[in-house]
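Written below as structure tokens is the structure these notes are about.
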Amino acid sequence: MRKLTSWRNLLLSAVVLGAVTIGVCSCKAWRTVSTSATYVQQNDSTKTTTTISTKTVEEYQGVKKK
């Protein structure tokens, strides 16, 4: 019977620790934004194409409201 009580206490401690960890943690999210633009310049004899591409990674840090 003593072993069963020890396991219950251990399980209860793990559940309480998990609940505290989830309650205290904050949330983190990332968003990637990719853009591309193409420009064409044409003269009488030449045609020039220029492409500009950008990639931005945004990070958001959520905080639990009290």
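We did not get these values from a lab; they are worked out from the coordinates using the rules stated. Quick caveat, the model's predicted, so the values are computed rather than measured. Virtual Cβ from ideal backbone geometry, glycine too; neighbours counted across all protein chains shown.
Near ARG31: Cβ cut-off under 11 Å, other residues only, Lys/Arg at +1 and Asp/Glu at -1. The net charge is -2. Which FRET efficiency value, to the nearest 0.05, is calculated for ASN9 and GLN61 with the Förster distance at 35 angstrom and r the Cβ-Cβ distance? Taking R0 as 35 Å, the efficiency between ASN9 and GLN61 is 0.45. The slack between LEU17 and GLN41, meaning 0.36 nm per residue of separation minus the straight C-alpha distance, is 2.3 nm.
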